[in-house]
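The values are calculated or read from the model by the stated rules, or taken from the named source; none is laboratory data. Being a predicted model, the structure only gives us computed values, none of them experimental. No Cβ is skipped: glycine too gets one built from the backbone with ideal geometry, and neighbour counts run over all protein chains shown. Please note that ligands, DNA and RNA were not included when accessible areas were found on the heavy atoms of the full protein model with its side chains. Shrake-Rupley method; radii C 1.70, N 1.55, O 1.52, S 1.80 Å.
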Protein chains: 2
Amino acid sequence: MSLHHRNAPLPAGTATRRAGILASHFILHDHHHLHHAKAAQSLPSNDNMVHSNACFSFSSPAGEEITFVFDTKEMRSLLDRHNIAERDWLFGLMQGGGEVFNRVEKGGRVYVSPDYNQPMQQQREMTMRRIRWLLDRGVFKGWCMDTGVEADLRNLAMQETLRSYDHSLGIYTAVHFFLWGGAVRGIETTATYDSSTGEFIINTPRESAQKYWIGGAAIYSTHAAVFSQLNIGGINQGVHVFVVQIRDADGNLCPNIRTADCGRKIGLNGVDNGQIWFDNVRIPRENLLNAIADVSPDGQYLSQKDPEQRFAAFLASLTVGRVAIATSAIYSAKMGLTIAIRHALSRRAFSLTPNGPEVLLLDYPSHQRRLFPLLAKTYAMNFAGNDLKMIYAKRKPENYKTLHVVSSTFKAMFTWHNMRTLQECREACGGQGVKVENRIGQMIAEFDVQSTFEGDNNVLMQRVSKEVLAEFLAAKKHNKLLSRLGLEHINEPCPVIPSQLTSAILRSSQFQINAFRLRERDLLNLFAAKVSENQQKGQSKEYAHYQAYQLSKDLGRAFSDRMVLQSAVAVEESISAGSLKNVLGLVRSMYALSCMEEDDAFLRYGYISRQNAGAIREEVEKLCSEMRPHALALVSSFGFPDSFLGPIAFDWIEANSWSSV
Amino acid sequence: MSLHHRNAPLPAGTATRRAGILASHFILHDHHHLHHAKAAQSLPSNDNMVHSNACFSFSSPAGEEITFVFDTKEMRSLLDRHNIAERDWLFGLMQGGGEVFNRVEKGGRVYVSPDYNQPMQQQREMTMRRIRWLLDRGVFKGWCMDTGVEADLRNLAMQETLRSYDHSLGIYTAVHFFLWGGAVRGIETTATYDSSTGEFIINTPRESAQKYWIGGAAIYSTHAAVFSQLNIGGINQGVHVFVVQIRDADGNLCPNIRTADCGRKIGLNGVDNGQIWFDNVRIPRENLLNAIADVSPDGQYLSQKDPEQRFAAFLASLTVGRVAIATSAIYSAKMGLTIAIRHALSRRAFSLTPNGPEVLLLDYPSHQRRLFPLLAKTYAMNFAGNDLKMIYAKRKPENYKTLHVVSSTFKAMFTWHNMRTLQECREACGGQGVKVENRIGQMIAEFDVQSTFEGDNNVLMQRVSKEVLAEFLAAKKHNKLLSRLGLEHINEPCPVIPSQLTSAILRSSQFQINAFRLRERDLLNLFAAKVSENQQKGQSKEYAHYQAYQLSKDLGRAFSDRMVLQSAVAVEESISAGSLKNVLGLVRSMYALSCMEEDDAFLRYGYISRQNAGAIREEVEKLCSEMRPHALALVSSFGFPDSFLGPIAFDWIEANSWSSV
């Protein structure tokens, strides 16, 4: 639930009014800001800011300088893909934001990162100050009203950048501009139309109908977009969205509104999440957001679409939350890896020969093994996230299903990947990883909620498998070929895995794609058989699916991994031969082979032999040592300014020496 | 580094002086407390406090009452095993501690848990207030000076209980009473004896020699136990421990001492960790802790033991930190599971038939699957932790090696298990899991540091495998039988796994032990072969081990799992036939089979066939539904008072209703 009105063809007259509501909601108690916002600052020179990393070089253990064999700027354009100048402009703004962005100097370096030692009350105030500060500088210009592919991509780029500074800042701005919601069919809030006054009556009929976790509800919001069951003359027309004022301009609660503070959380304390109860609150008829359906003054329900179509359109608009979460999770993983890998290039520990020199952490095979598969996955998921963003930006009814399934899959898989990556990076930095100034540990707490908000990951993955199964069964039933969700490969003959896997075979994208497709099609068949078997035992359709949760989980993973691999292969194929392509090949092979090594379904269901599994493990070890020389270049390509990293991303002894503390 | 003087035969005269130093360190600026501590409060009635859970009953989805088929009090005595009355007394003290322990009423219930919304400065002050408050009530009576098995066990029980309230409180008190240290051989601080004045000169010769993460160093400590290289007349006698005063009674830094604050961490903010630099600080000769060696006034080094023996004795005393971390990690996992399982017995979601009733979370097979294997592991590890505590309490030179290896193994495995369990429990509670009042999310942040402090888990596990290998090679070399670390089974013929695994076979402890032993012995052989192969390639011994990190990891896990299973089997065998034994059998089988399902080494190296793997997976599913009726009893047996759980451990709707907020 939040305020939103994107892509809606507004009827004349009400458009201005609604825009006014939006504006008042967004700028809180400070109305003149939106209308008198300063012109955006000019973009700072790119070279000064983002490529400062290029000046930073480590010597290898043997003493020679590391040189990057590929152009990190070119790699970055493959990763960020769009709005790179705007991202750098926003990074620069925040870096130059002084005390508003908590600029700190330590050991001669500048860092910007929130002061997480503040109690939640101050963290919330700081988030609001930051939003106002960025608003004054034009960062949110057009977010509300601009539509189309370019605007969508720009907004997502801004989200990814804001969340690289602080998750609260990203989430607070997102809940204002994107729709957010949970289990939408089960909404219990009611909106009853009263034609005698031309008003809707919004009500919370029971405790379980209260609105929970609403960003801004505890303190700052003046208006809320409320998802309610629309009731007209006793007929339920399903879920619609209504704008309800909850506080006046001075921050006092409106009549018949009760709120409560959700209190301290493990992260995201810059967002004042709250609970709301509505006690028969009356709102004007025009407060219905009427993009999909409207109500006439005399109580006629007007819609061109049937309930399922309305619900589908509604879901499509909800997916932006999942898209932003999925892609931002990858930016978070990139941040964690940048810090941990740079640390491992400065920190030495133990020696391998008596009285020999201490070895750089990143030169330990086990340390490479902890970080490089995660680095490769982050790359591959980044590419896949870019493809998801394009599906979203170019959304139309024909691909709502694809958008829904892919955004659900990636939201779950990418946020799990982010948490796993941050945790591994935190441990790879030892105790330094729990110091808040080094960012990674705090990011774990800030991003943890991602795996359960905007759809619980496990529930999303179960739905994904169910959708894939439904697609498969529908094609079978109508004797048609599969034609969506990348399932077309199932129309082809089953791929065969060679019994002898040489290094060349293991690294060929065709082999990798075949292995992933084999796993997906077989798990789909097993899942279909299991569900059918359960149903034949008399179980309901729902229960038959739940009982097959293990195969459902395996299938969801197989589906996601295959989608991600496709994206990585496509990026690699799009560029011409050279060192960049070669490094992308290493990364793609590391992605594919470490997925195969980790998912025991390959062995369990016999897609590969034990001998194959041994060959794959050996190849992953080889890939670790081949990725080692490119590690710094691979994280430099992420493009984070130095000031967004923690002190241990530079020199761990220097960062903790007497002169720096 | 910290203050410590346990089990040391103190020479007459200096004993009193040293005890005085200890006392002044512990009680800070408030000397009279230790000597005038009030008599311990009488123990509250057990029934009132700990078994209040027994009154708490949930109805099953079908409506009938759940009755416990076994005695939870009896189960608790198997789990806690010692000092149960003292544990309950301490729980009761903290529960009755009013605002010092941040007593909060919500929805008619009382909760005690720190206010983690406070900045670290206030969290630290509260930790000190709590310590003083508990000290006044006799909680720490005898901790410093009492020795022997009973005293050791009591101290560990108090640690487990204190950490159930707050990790900072446990750690702060532990660093005062137990020795803590990291990579001890590499210590760079120097202590040079000056016989002309009868003083040691303590010095930090370079930045990397600074003391880091020292609990109490930033603000509160007056004395520190400093691990330094002892230098007499130019000869290095190795690491010894010295008491150094760092602040006066008013909290002012002493001359030639510099300190810095380690700052905000993701958890443990109630501990003022700091850095210390010593600039040629002079301390009296008597400040050497002389249990193992002493220095005469004229500079004679006096020790009955050779350097390796001294180092071994030193290591043995260090292991208490690992023992306390390992066992407390299990108490943390127990707390997370208690909250998450109780929540899953109150929260309903979705229905499985159209318009059917919503289903309790814990009745979803997938939800059982998330929590029950972790519950079973927590039980088994709890039993194994009890065995470790006995090895520690009865330590003597002959079992230092065992103590060192087992404490290292369990410290790593149990803390990883705790983090995994807390994370799964947090996600299983959805968004409620990130609310600090519900404890689990905050515990993740508080306990995260466990996996890297007091020895990095990965490094510890590598050392464990190395020790196991050394034991194996030594026996081979001298043509002797293996006789330690539970490796005796390798002397026997290799066990055989039946090709057809029935339910009865799968649940027999003999089959489970055989499977674990087979894995361990084979991985040991593979690891030995790999290290030898690496050495034959010309690699140094150290590097040969590092290169075999994958097998080293697999072997470490196999070693630990087998040790834990042995403990679980022993507890089960120790009790007479009946419902308690039956439930323990379910739990033990769940432990063994879920270990087998999770570790792909079983399939990868062919210890079981694909068909076996399918049978194991099915059996785990069956065990989930068989454990379901006992879930509440199993967590009630952990014995946490209601006030230590979060609001969602009761009724999630009630906890968030208007009347409760």
Scan (1) surrounded by 18 or more Cβ atoms within 10 Å (Cβ to Cβ); (2) within 14 Å of another protein chain (Cβ to nearest Cβ); (3) aliphatic (A, V, I, L, M) for the single condition A:L526 breaks and write down its number. (1)
Looking only at the stretch B:304-325, and only at residues there that are buried (at least 16 other Cβ atoms within 10 Å of the Cβ) and not hydrophobic (A, V, I, L, M, F, W, C), the one that is nearest to the chain's Cα centre (by Cα): B:R322
Restricting attention to the stretch A:643-658, and to residues there that are more than 20 Å from A:R103 (Cβ to Cβ) and either facing chain B (nearest Cβ under 9 Å) or of a type outside the set (A, V, I, L, M, F, W, C) (or both), which single residue is surrounded by the fewest Cβ atoms within 10 Å (Cβ to Cβ)? A:W658
Looking at (1) within 19 Å of A:N273 (Cα to Cα); (2) open to solvent by 30 Å² or more (accessible area, probe 1.4 Å), which is the one condition that is false for A:N231? (1)
Tell me which of these A:N117 doesn't satisfy, since it passes every other one: (1) farther than 29 Å from A:G142 by Cα; (2) free of Cβ contacts under 8 Å to residues at least 24 places away in the same chain; (3) of a type outside the set (K, R). (2)
Condition first: over 27 Å from B:V323 (Cβ atoms), within 9 Å of chain A (Cβ to nearest Cβ) and buried (at least 22 other Cβ atoms within 10 Å of the Cβ). Can you find one or more residues in the stretch B:415-427 that meet it? yes
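Provide a single number: the residues in the stretch B:367-377 that are away from every other protein chain (no Cβ under 14 Å) and in contact (Cβ under 8 Å) with a residue 60 or more places away in the chain.
Pass one, the stretch B:367-377, residues away from every other protein chain (no Cβ under 14 Å): B:374-377.
Add one more test, that the residue is in contact (Cβ under 8 Å) with a residue 60 or more places away in the chain, and what stays is B:375-377.
The total comes to 3.
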Is it fair to say B:A470 is assigned to a helix (DSSP H, G or I), free of Cβ contacts under 8 Å to residues at least 40 places away in the same chain and within 31 Å of the chain's Cα centre (by Cα)? yes
What tally of residues in the stretch B:500-521 results from selecting those that are out of contact with any helix residue (DSSP H, G or I) (no Cβ under 8 Å at 6 or more places or on another chain), part of a helix (DSSP H, G or I) and either open to solvent by less than 50 Å² (accessible area, probe 1.4 Å) or at positive phi (or both)? 2
Quick check: anything in the stretch B:378-401 surrounded by 20 or more Cβ atoms within 10 Å (Cβ to Cβ), within 14 Å of another protein chain (Cβ to nearest Cβ) and touching a Lys or Arg at 6+ places or on another chain (Cβ under 9 Å)? no
Could you tell me whether any residue of the stretch B:327-349 is within 13 Å of another protein chain (Cβ to nearest Cβ) and open to solvent by 50 Å² or more (accessible area, probe 1.4 Å)? yes
Among the candidates B:V295, B:V323, single out the residue that is assigned by TED's automatic domain parsing to the domain that holds B:R395 and in contact with a helix residue (DSSP H, G or I) (Cβ under 8 Å, 6 or more places away or on another chain). B:V323
Looking at B:R348, is it at pLDDT below 95 and at negative phi? yes
Every residue from the stretch A:430-444 that is more than 8 Å from every other protein chain (Cβ to nearest Cβ) and touching a Leu at 6+ places or on another chain (Cβ under 9 Å): A:N438, A:R439, A:I440, A:M443
Of the conditions (1) open to solvent by 20 Å² or more (accessible area, probe 1.4 Å); (2) more than 10 Å from every other protein chain (Cβ to nearest Cβ), B:T353 fails just one. Which one is it? (2)
Would you mind listing the helices (runs of 4 or more DSSP H) fully within the stretch A:70-151 where at least 3 residues are touching a Phe, Trp or Tyr at 6+ places or on another chain (Cβ under 7 Å) and not hydroxyl-bearing (S, T, Y)? A:120-136
Report yes if A:V149 is surrounded by fewer than 21 Cβ atoms within 10 Å (Cβ to Cβ), closer than 24 Å to A:A568 by Cα and β-branched (V, I, T), otherwise no. yes
State yes or no: is B:I497 part of a helix (DSSP H, G or I), open to solvent by 20 Å² or more (accessible area, probe 1.4 Å) and more than 14 Å from chain A (Cβ to nearest Cβ)? no
Checked the stretch B:275-303 for anything open to solvent by 80 Å² or more (accessible area, probe 1.4 Å) and touching a strand residue (DSSP E or B) at 6+ places or on another chain (Cβ under 7 Å); matches are B:N280, B:R282, B:L302
Just the residues that are outside any strand (DSSP E or B) and open to solvent by 30 Å² or more (accessible area, probe 1.4 Å), please, taken from the stretch A:188-206. A:E188, A:S195, A:S196, A:T197, A:P205, A:R206
Pull up the stretch A:445-457, narrow it to residues that are in a helix (DSSP H, G or I) and more than 7 Å from every other protein chain (Cβ to nearest Cβ), then point me to the one that is nearest to A:K265 (Cα to Cα). A:E446
Looking at the stretch A:237-326, what strands (runs of 3 or more DSSP E) fall wholly within it and have at least 1 residues that are within 14 Å of chain B (Cβ to nearest Cβ) and closer than 22 Å to B:Q432 by Cβ? A:257-261, A:274-278
What pairs can you find where one residue is in the stretch B:597-624 and more than 9 Å from chain A (Cβ to nearest Cβ), the other is open to solvent by 20 Å² or more (accessible area, probe 1.4 Å) and among the hydroxyl-bearing types (S, T, Y), and their Cβ atoms are less than 7 Å apart, with a gap of 6+ or different chains? B:S609/B:S499; B:E619/B:S503
Being charged (D, E, K, R), open to solvent by less than 30 Å² (accessible area, probe 1.4 Å) and assigned by TED's automatic domain parsing to the domain that holds B:G385 narrows B:E542, B:E572 down to just B:E572
